[in-house]
Amino acid sequence: MSFLAIRNLSVRLKNGPALLRRVSLDVAPGEVRGLVGESGAGKSMIGKAVLGILPPSVQITEGEILLDGTDLLSLPAKESRRRIGASCALIPQDPLTALNPSHRIGPQITDRLVDILGWTRAAADARARDLLTEVQIADPARVLRSYPHELSGGMRQRILIASAFAAEPKLIVADEPTTALDVTVQKQILRLIAGMQARHGTALLFVTHDLGVVSKVCQQLSVLYSGLVVEDSTVADFFASPRHPYSAALLAATPKYTDPDAGLHPVPDAVIDAVRAEVAAFDRTLAKGVKTHG
Amino acid sequence: MQILRLTILRLLTTLVTLAGVAVIVFFVIRVVPGNPIAMMLPPGATEADIARLSALYGLDQPLVTQFGIWLGGVVQGDFGTSITTRQPVLDLVLGRLPATLELSIMALVMAVIIGGAAALIGTRGRGTRTEGAVDVANGMALSVPDFLWGLVLMLVLGVLFPVFHISGRVTPSLDLPFVTNFYLFESLVRLRFDLWADLVAHMFMPALALAIPLAAVIGQLLKQSLKETMNLDYVTLARTKGYGETHVILREALRNAVLPTLTLVGVQFTFLIGGTVIIERLFSYEGLGNMAIDAVINRDLPLIQGIVILFAVIFTAVNLIVDLAYAVLNPRLRHA
Ligand SMILES: Nc1ncnc2c1ncn2[C@@H]1O[C@H](COP(=O)(O)OP(=O)(O)OP(=O)(O)O)[C@@H](O)[C@H]1O
Ligand SMILES: [Mg+2]
């Protein structure tokens with residue numbers, strides 16, 4: 001059974017356009033699902049919905065987010081927050097803004113262990129040291145005493161990864177965890193996340209633009225266009241024969257490492273028009289559905 | 001190190017500022033019409049009497065000479081003698097300073113509590129009617145100056161429902177065991193809570209009148225800053241850890257939100273201290289401000305000079321404290 005099952009999740013801007021259109025996807029325990037799509041497709045929105053951190057300007061209009069079989073959206077806010085905190089974690093996109101500038105690193109890793117999970121401070125501190133060693137930070141004791149501004153971006157992302165794994169979550173949402181980093185550290189961080197995920201057996205929802213990364217890290221893949229899932233397959237199937245023309249075009253447009261500069265407008269206009277038409281058709285059926293119900 | 005350098009630098013600039021203030025106050029109050037000697041003497045005093053007294057106070061000398069004599073004294077800690085009371089200006093001013101400091105600090109504490117609470121409540125209920133109510137209250141508090149709040153308070157809590165004393169610093173018939181003029185502070189140290197309560201009952205309304213506008217400034221600035229901070233990534237990350245809204249506001253956002261408001265609140269606090277002049281008069285509170293008004297009415301030039309210099313010292317001290325607090329609260333500066 002899936003640890004995370006999203007069913008027909010629709011999200012819209014309050015009194016505005018739809019941002020997610022009946023999104024469904026599954027993440028089994030220990031499995032990695034890639035979430036790809038162009039900028040603004042709604043990838044982050046899905047991750048935020050799962051973690052209960054949607055911005056106040058949007059609202060969920062229908063659907064379910066089943067975490068270990070329980071629909072988070074049917075729970076009282078406090079209870080769903082508790083469950084998310086206990087079994088999920090986020091590896092954010094920008095390590096420079098995701099650490100609190102006023103707190104030392106140590107408490108930022110151990111806070112939930114102590115405050116929420118009731119660990120002793122000593123046990124939590126020991127855990128933090130082990131985690132920093134695991135993410136290959138030299139001199140963990142010094143780093144734990146440091147403030148964020150004293151550390152490099154790559155270092156901070158390692159800390160955020162360590163912090164995400166601190167409470168042994170069942171599911172981690174990684175939202176483009178390497179895009180804000182130097183190209184040189186991107187690969188290291190990617191390898192680190194993949195390694196940690198495999199060792200800890202954590203399910204991972206991996207948001208990325210990069211199909212190359214998907215082929216290395218993920219087993220499952222959802223391709224998103226304008227909040228609509230146009231393809232949901234295993235990574236092996238997808239790379240062998242993508243089913244949807246849009247995702248096929250996306251794959252074809254992915255620069256090979258031999259030719260990284262191929263094309264500035266990768267997906268052909270005809271394909272874009274077709275998938276737009278599909279989104280419009282989806283919205284029309286949805287509107288009709290609402291009318292017959294009402 | 002940063003903090004030490006900052007302190008020394010600020011003390012040096014403070015000296016320059018104070019020198020400027022000394023020059024300005026000395027010459028400006030001598031341009032304003034009104035002869036202090038004439039006001040001291042009974043009606044019918046002769047020209048000779050006036051001349052004799054003027055010579056006694058050095059007022060017959062050229063202005064620049066007078067300034068030199070005065071400044072020479074000031075540098076040695078001698079601010080001259082009050083024309084009206086014939087006591088050393090320094091003794092008079094330092095005797096009143098504690099009353100004004102206690103009033104200002106009490107007002108500051110009230111403003112921080114009220115404004116801080118308003119900001120937290122407004123942030124907690126942002127986007128709802130609660131925030132709207134906080135905004136309206138802030139707007140009202142800001143649109144009325146402190147002395148009008150003083151009048152309103154006096155009418156409501158002093159006359160209509162006489163809960164607090166409307167005049168003075170302490171009930172005159174009480175036996176005061178104090179050796180300093182920091183009555184409020186000393187009453188606590190001596191565990192004389194009866195006296196403390198009496199002092200508070202006198203100080204409450206003037207302090208609140210001074211506090212209300214500052215509370216509104218704190219409420220508005222801090223709420224704005226908190227709301228911006230609440231959208232930052234590290235706050236969102238803390239939410240995913242299972243923390244509730246209140247914890248997130250207090251532990252993740254508050255400290256970072258306070259920093260950008262600190263400097264402005266410091267400036268506003270110096271306005272509050274300026275406001276004590278009228279508020280002390282209104283509530284007949286025996287502090288520096290009240291003394292300043294008497295000094296102006298009596299053209300007591302040395303006393304006016306002393307009071308103005310002291311206010312300038314207080315203002316620069318407040319600014320220094322704010323800067324230091326900023327450095328202490330900001331890890332980036334602390335470790336630089
Ligand atoms: N706070 C917000 N308020 C209103 N609309 C938003 C907000 N955040 C995102 N959106 C809109 O929701 C849509 C989906 O945004 P989302 O951030 O999920 O895109 P994305 O696929 O993650 O893109 P990117 O690759 O650029 O991160 C976009 O059209 C965006 O404009
Ligand atoms: Mg995104």
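Values quoted throughout were computed directly from the atomic coordinates according to the rules given, and no laboratory measurement underlies them. Because the structure is a prediction, the values reported are computed rather than measured. Note that we place each Cβ from the backbone using ideal geometry, even for glycine, and neighbour counts take in every protein chain shown.
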Inset, instruction - Arrange B:Asp135, B:Asp194, A:Asp232 by Cβ neighbour counts within 10 Å, fewest through most, would you? - result: B:Asp194, B:Asp135, A:Asp232
Legend entry - Dipole of the stretch A:1-67, positive end: most advanced residue of A:Leu19, A:Gly30, A:Met45 [Cβ charges, Cα centre]: A:Leu19
Inset, instruction - Determine the alpha carbon to alpha carbon distance for each of A:Lys170/A:Lys216; A:Lys43/A:Lys78; A:Lys48/B:Lys241; A:Lys43/B:Lys227; A:Lys216/B:Lys241; A:Lys187/B:Lys241 and list only those over 23 Å. - result: A:Lys43/A:Lys78; A:Lys43/B:Lys227; A:Lys216/B:Lys241; A:Lys187/B:Lys241
Inset, instruction - Kindly express, to the nearest 10 degrees and within the range 0 to 90, the angle between helix B:288-297's C-alpha long axis and the longest C-alpha principal axis of chain B. - result: 40 degrees
Inset, instruction - Name the residues whose placed amide hydrogens come within less than 5 Å of the amide hydrogen of A:Tyr225, ignoring near sequence neighbours (fewer than 5 apart) on the same chain. - result: A:Val230
Inset, instruction - Specify the residue with the greatest mean-square fluctuation among A:Pro140, A:Pro56, A:Pro169, computed from a Gaussian network of chain A linking alpha-carbon atoms under 10 Å apart. - result: A:Pro56
Legend entry - Summed side-chain charge close to A:Arg121 - residues other than A:Arg121 whose Cβ falls under 12 Å, Lys, Arg +1, Asp, Glu -1: -2
Legend entry - Principal-axis tilt of helix A:77-87 within chain A, Cα atoms, nearest 10 degrees: 70 degrees
Legend entry - Highest-MSF residue in chain B out of B:Ala216, B:Ala119, B:Ala197 [GNM, Cα springs under 10 Å]: B:Ala197
Legend entry - the protein assembly as shown - Debye-derived log10 I(q)/I(0), Cα point model, q = 0.10, 0.12 Å⁻¹: -0.97, -1.21
Legend entry - Between the stretch B:168-182 and the stretch B:60-85, the alpha-carbon center distance in angstrom: 32 Å
Legend entry - Exposure proxy order (Cβ contacts within 10 Å, fewest to most) of B:Leu174, B:Leu259, A:Leu20: B:Leu174, B:Leu259, A:Leu20
Legend entry - Cα-based shape type of chain A, given that a ≥ b ≥ c are square roots of the gyration tensor eigenvalues and the cut on a/c is 1.5: oblate
Inset, instruction - Nearest 5 is fine: what % of DSSP beta bridges in the protein assembly as shown come out antiparallel, could you say? - result: 60 percent
Legend entry - Charge context of A:Gly37, other residues only, Cβ under 11 angstrom, K/R +1, D/E -1: -1
Inset, instruction - Mind pulling the angle between the C-alpha long axis of helix A:183-200 and the longest principal axis of chain A? Nearest 10 degrees, somewhere in 0 to 90. - result: 80 degrees
Legend entry - J(HN,Hα) series, the stretch A:124-140, from Karplus relation 6.51 cos²θ - 1.76 cosθ + 1.60, nearest Hz, glycine and proline x: 5, 5, 4, 4, 4, 4, 4, 4, 5, 5, 5, 8, 6, 9, 6, 6, x
Inset, instruction - Would you mind counting up the charge near A:Asp175? Only other residues with Cβ under 10 Å from its Cβ, with Lys and Arg at +1 and Asp and Glu at -1. - result: 0
Legend entry - Inter-site label distance for B:Asp91 and A:Leu73 at 7 Å from Cα along Cβ, in nm: 8.1 nm
Inset, instruction - Between the alpha-carbon centers of the stretch A:51-104 and the stretch A:180-254, tell me the distance in whole angstrom. - result: 22 Å
Inset, instruction - Could you go through the stretch B:14-22 in sequence order and give the Karplus-derived ³J(HN,Hα) for each residue, using 6.51 cos²θ - 1.76 cosθ + 1.60 with θ = phi - 60°, rounded to whole Hz, and x for Gly and Pro? - result: 4, 4, 4, 4, 5, 4, x, 4, 4
Legend entry - Karplus-derived 3J(HN,Hα), 6.51/-1.76/1.60, for each residue of the stretch B:313-318, Hz, glycine and proline x: 4, 4, 4, 5, 4, 4
Legend entry - Sorted by Cβ density within 10 Å, fewest first, the residues B:Phe204, B:Phe67: B:Phe67, B:Phe204
